[in-house]
Ligand SMILES: Nc1ncnc2c1ncn2[C@@H]1O[C@H](COP(=O)(O)OP(=O)(O)OP(=O)(O)O)[C@@H](O)[C@H]1O
Ligand SMILES: Nc1ncnc2c1ncn2[C@@H]1O[C@H](COP(=O)(O)OP(=O)(O)OP(=O)(O)O)[C@@H](O)[C@H]1O
Ligand code: MOO
Ligand SMILES: [Mg+2]
Ligand SMILES: [Mg+2]
């Protein structure tokens, strides 16, 4: 257990009252606008004092309102990527990036040039933040936090201002940070896709309270998450990797699926996110279909959703899958609980 | 033709050089971070003067650098939703919202209460912007722009800070604005899904220049857009609507598809976005599948993409469809140019 | 240390500068003069200022130091005298006989009588005394514009703000914008005296010979040129 | 408290000082805002000359400023004669002259503070206001000015305090007439000029301090109430 | 230009004024920053008393301030005696005393400007610096202070200008000794006190104006170079 938080804080009508513990890795923080995500990060960072609460990190007590302990922000060395980028207007981009290194004797864990290259901000180094575009500012802010060699990274929607291509370049780096540098992270996001890729655990805040917490698989499949991207997350093991076709075979309990990712080493555990909208249900074994992944199972529940759709809960040899279909399809195919079916998943839709 | 822009502007190494014209409706502006989207909006709003250029709106010349015409910002009455929300810190949320109405004699086209309710900011009205969360700020900024009865709406990633649920509430309102108020809009976004729903035309900026422009169908299918959400947009006519199952039948040239939307009136023209990742290819007629939409066609091209994937271009009785499949599937199914196939589309994937 | 430091009332500047030039041409050690309001200088001497000689614009401040025991009493001398005059802007100047009961109020009409502040500025005090003696004070009191110093009163008349003013003849002589319309008989007010004295704290060997130099006939022309009367 | 008993003339000086300082501050304010705006935002020929002129009363010995005022705004002065014949405004030997002198002496202080705040106003907010239909004047009134409130308050405080303490220019310009132009400061000065006036001077000085402290406290409350704290809740 | 020819004493006054104003401004600066920080951010008992004390030289007639300095920092003064015996610093009738008087008179102006800028610094940036490992002192040095530069420059300009124009407190505190304590302002004042001194006073006044204008221009350039314009490119 690396981080343990227990905090209450009031602002007028809003009250944060949240407690959770988290081990190493990435904790995703979900929740609607105004649910208290930023407030919680601020408490962890030491930018806000909880009215009542306790915070420990790696067995050090950082906050204990009862015993009047409060370790100030700068001693915590938690990197914070703010929702607004907060670059120093009087410093060049280079000095913004180096800012954190002025106050640490720690050996640089992250290399300046690498990060600058990753973020594509080489050309901006000697400029002041003044004329930077929204995305450029945010990239510099990310770099600044990473280069301060933080013990914990707090990220408040860090990629919201970025285009998909840029996102897809930065996400693998964050994965590397998680896996190689073992930097724990708390990651606020609105995008389920972004988070499933990174997160080891998910916390859902609603109105200042923790509504759900647990592994991505548990939390994202729960009905409290109502999002287009809803789905399940299933853990599997890499069985083989095919460099020519740039795919890997992953063994789940439900069977083998093909992931569009090469170079995964054999035996590695991966999380596979299967969004419910990407799953087709077939009542007979499909033939000659480009979807490479066909898993057998049976229907354990039909959960009517709004606007003429139904969530089909499928047990595929112990792994739970979700599929969202129209009531029309339910009628046409005669789907009923207990009926054996085939779940068809496009390889392209899988995210690890 | 409502808006016509022709502008050059230099900032150090960056140069904007863009020209386009647009009719009523929504123009989406795409482009990577730093490509000049904000700069272009600023030129249109009158917040930046082009070095050389001409701008007309509804047959009025707003800028003509040759003839030294420059209509100042406030006379243009173009609503602007900024990338950073820019609320007035000294005014309450209510006064922020009303700010625009102080300077117009125009009858309110948008109703205060409606918009406040839509944006879910009733509880914030008497607060100062100070303690608002990121999403709350952005919602107030949206409301402020809408309530100024703008003649044109310039929106710089207006929904980036919002959760999906909130987005899905605001988008229909923007659609209504487009359809009922006939307010033209220019909409910067990173999300193809957001844009296809709204846009009548799409402009792609790269490095300050217009790389592609045209209908969403044309532009999004072009290879210059490399995004997970890539797909095609096909126009069709509503054939019937089924209230019980909350679906509508839409006739395309390629055949009939079922849309997850009730209450569309018969004969109405709709745009259907079919993302390439949502299309399966089958070499024989699939049976007993929950996907309701199966269109016949033949392969007109196989375009290898990166990382072991292939884009299959399909001619379905004149409508062009795209499907993205793995090279493994191409091999397994023996897909070749000219081969007749079935395109399988999940109903859920359609966006009108 | 033979540099002589003199603390002198500001109105003496012109004459004293000339005298000092003469002193210097005799090959004597240089003299430094600090010109300021007598009040300020007296307080500074009280606070231990490194001065050798004090020349005050009135007797009060010299007396003040004397009571504090800061003077070499035997050196104290009344150095110079001055005369009080009635002035008017040159354009409107007609000579006036200053005698008891002359109708100053009528002359002033609705205008102001510019003079030094009657309670604090020496020239003002003398003017007030003279007017009281002439039994005019109660009549003109409300017309009095008390200036911070004589020069300011002079400026008020010279600029035409006030139709009449009472200043020292030394000041009136130098301003081309004003004309003297009458001189106050000396018996109307306490004698206008600029006393000089050596200070107890004086360390300059040349101080007493400098004081004697100022008292000598050699310097008289400089003071007379500025309109002072020689008293010793 | 017998010791603090004030004479009629002294009371008059207190009242006059308060009145003169208040009027000087209030009348100078719109000019101060205007000039500060010009200096902060304007780009025109002669801007540095204007800047220099504004600072002049600070640079010159007050007596010189007073003398210049006399030349310019005296009854025979360039502007003075004009103002009298056109508007019937007379400065010489009136409290109005004292207010003018105090206003002029405090002007550079006022302008600097306001200018500083104007320059700190975020141009992005002014842009936002313009897109909402506000023309230049409205942007100024509804956004720039309210956001400059801290500087305006600071400028008023400095000008008021300076007006309370000013006497050099005042006494030179409009003399020292009890009940009309003798401000508290001038009264204190006068007392310092006579041997033995110290007790009186001390007494009046205390009165001046009490008044000014009260004004200061009021201004701090005002600034607090204007509540421009945009900071997050302070933690450290 | 014969007319502008300056005597030896006058040159000395010019040099002294420049020196005294510069030293006064520079020495006051750290104190000014410190006090401004206390007033802007501190929460302590007696804050309004401190605030009042800082404004005192503005509120009091300069002559009174001069006397107070004489009483406190004269050779026989409370602090004066201490400072002399402990550090060998002597103020009375030295240029150091003139610098002290000028520094004290300009102090309220300096503090206000700096305080105004400190209060305008965005607390969010200070938070960001803290998350990057900067402790309170470093945050102040690397973020708060540089962002307050406009106010610091403005404060220095005001203090310098005031120092150039100040004579009331100076002449009262350290007298008017040519070459030692006679500043340009005091020289001008003296000339206004003697018959026929006007030409000389005018000449010196022009010199003072030229010097101060140069300093002013330099400060504007400095402020421009510090380039805190965070505004977007101005369009209107
Ligand atoms: N005032 C300026 N000075 C210098 N460069 C500028 C200025 N304004 C913009 N630029 C540069 O112009 C380019 C385009 O900026 P712009 O803000 O238009 O990008 P954008 O497409 O909106 O990007 P984003 O999606 O990141 O907001 C950027 O590289 C930016 O650094
Ligand atoms: N200083 C404050 N004063 C008053 N209310 C506050 C303050 N700070 C936060 N709040 C309120 O607390 C609630 C939670 O804010 P918070 O910033 O944590 O939300 P969030 O989950 O980060 O939302 P978003 O996704 O929109 O950024 C909001 O309703 C906000 O208005
Ligand atoms: O400028 Mo002064 O010396 O405060 O009247
Ligand atoms: Mg937030
Ligand atoms: Mg942008």
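Take the eigenvalues of the Cα gyration tensor for chain D, scale each by 5, and report the square roots as semi-axes in whole Å, largest first. Before the final figure, lay out the partial values.
Working: eigenvalues 250, 118, 39 Å².
Over the Cα atoms of chain D, the semi-axes work out to 35, 24, 14 Å.
If I take every Cα pair under 8 Å that is 6 or more residues apart in the stretch D:2-232, average their sequence separation and divide by the length, what percent do I get for the relative contact order?
Details: 292 pairs, mean separation 67.1, N = 231.
Here the relative contact order equals 29 percent.
If contacts are Cα pairs under 8 angstrom and at least 6 residues apart, what is the relative contact order of chain C in percent?
Across chain C, relative contact order equals 32 percent.
Compute the helix-to-body angle for D:62-73: its Cα long axis versus the longest principal axis of chain D, expressed 0 to 90° and rounded to tens.
80
On the principal axes of its Cα set, how long, how wide and how thick is the stretch D:1-106? Give whole Å, largest value first.
59, 33, 25
Does the protein assembly as shown come out rounded, prolate or oblate, given a ≥ b ≥ c as the square roots of the eigenvalues of its C-alpha gyration tensor, rounded meaning a/c under 1.5 and, failing that, prolate meaning a/b above b/c?
Details: a/c = 3.42, a/b = 2.70, b/c = 1.27.
It comes out prolate by the Cα gyration axes.
Could you give the C-alpha radius of gyration of the stretch A:44-105 expressed as a fraction of 2.2 N^0.38 Å, taking N as the number of residues it contains?
Output field value: 1.37.
Sort all Cα-Cα distances of the stretch A:288-344 into consecutive 10 angstrom bins from zero, then give the percent of pairs in each bin up to the one containing the longest distance.
Pair shares across the bins are 24, 54, 22, 1.
To the nearest 0.05, what FRET efficiency results for residue B:175 and residue D:137 with a Förster distance of 30 Å applied to their C-beta separation? Show your work: numbers first, answer last.
On the way: r = 37 Å, r/R0 = 1.24.
Plugging the Cβ-Cβ distance into 1/(1 + (r/R0)^6) gives 0.20.
List the distances, in nm and shortest first, from the label point of residue B:284 to the matching label points in every other copy, placing each point 7 Å from Cα along the Cα-to-Cβ direction.
Values, ascending and in nm: 1.0.
Have a look at E:98, E:201, E:159 and tell me which one the Gaussian network model of chain E (Cα, springs below 10 Å) gives the largest fluctuation.
Fluctuation is largest for E:201.
With all distinct Cα pairs included, what does the Kirkwood hydrodynamic radius of the stretch E:101-236 come out to in Å, to one decimal, could you say?
Evaluated over the stretch E:101-236, this radius sits at 17.6 Å.
What is the diffusion coefficient of the stretch A:1-120 in µm²/s, taking the Kirkwood radius over Cα pairs and the Stokes-Einstein relation at 20 °C with a viscosity of 1.002 mPa s?
Result for D is 131 µm²/s.
Can you list the copy-to-copy distances for residue B:237, using a point 7 angstrom from Cα toward Cβ, in nanometres, shortest first?
In ascending order, 5.9 nm.
If you line up the Cα atoms of the stretch A:75-201 on their principal axes, what length do they span on each, largest first, in Å?
Principal extents (largest minus smallest coordinate, Cα): 38, 33, 23 Å.
Which of these, E:130, E:154, E:169, has the largest mean-square fluctuation under a Gaussian network model of chain E (Cα springs below 10 Å)?
Highest fluctuation among the options: E:130.
Could you give, in nm with one decimal, how far residue B:123 is from each other copy of that position, shortest first, with labels 7 Å out from Cα toward Cβ?
4.5
Using a Gaussian network model of chain E whose springs link C-alpha atoms within less than 10 Å, name the residue from E:222, E:110, E:164 with the highest mean-square fluctuation.
Fluctuation is largest for E:222.
May I ask for the Kirkwood hydrodynamic radius of the stretch E:42-166, worked out over all distinct Cα pairs and given in angstroms to one decimal?
16.6
If you wrap chain C's Cα atoms in a convex hull and average its projection over all directions, what's the area in nm²?
Quarter of the Cα hull surface area: 12.4 nm².
Output the 0 to 90 degree angle, nearest 10, between the alpha-carbon long axis of helix B:164-176 and the longest principal axis computed from the alpha carbons of chain B.
The helix B:164-176 is inclined about 80 degrees to chain B.
Compute the FRET efficiency between residue B:10 and residue B:206 as 1/(1 + (r/R0)^6), taking r as their Cβ-Cβ distance and R0 = 25 Å, and round to the nearest 0.05.
0.90
Angle between the Cα long axis of helix E:95-120 and the longest principal axis of chain E, 0 to 90 degrees, nearest 10?
30
Can you list, bin by bin at 10 Å, the percent of alpha carbon pairs in chain A, starting at 0?
5, 22, 28, 24, 14, 6, 1
Kindly state, as a whole number, the per residue volume in cubic angstrom of the convex hull around the alpha carbon atoms of the stretch A:232-352.
92
Can you tell me the alpha carbon radius of gyration of the stretch C:1-108 divided by the globular rule-of-thumb value 2.2 N^0.38 Å?
Ratio of Cα Rg to 2.2 N^0.38 Å: 1.44.
Between the stretch C:90-166 and the stretch D:52-115, how many Å separate their Cα centres?
A separation of 25 Å, based on Cα centres.
Where does each of B:136, E:180 land when they are ranked from fewest to most other beta-carbon atoms within 10 angstrom?
Fewest-to-most Cβ neighbours within 10 Å comes out as E:180, B:136.
Values in this text are rule-based calculations from the coordinates and carry no lab data. Just so it is clear, the structure is predicted and the values come from calculations on it, not from any experiment. Quick reminder, even Gly has a Cβ in these numbers, built from the backbone with ideal geometry, and neighbours come from all protein chains shown.
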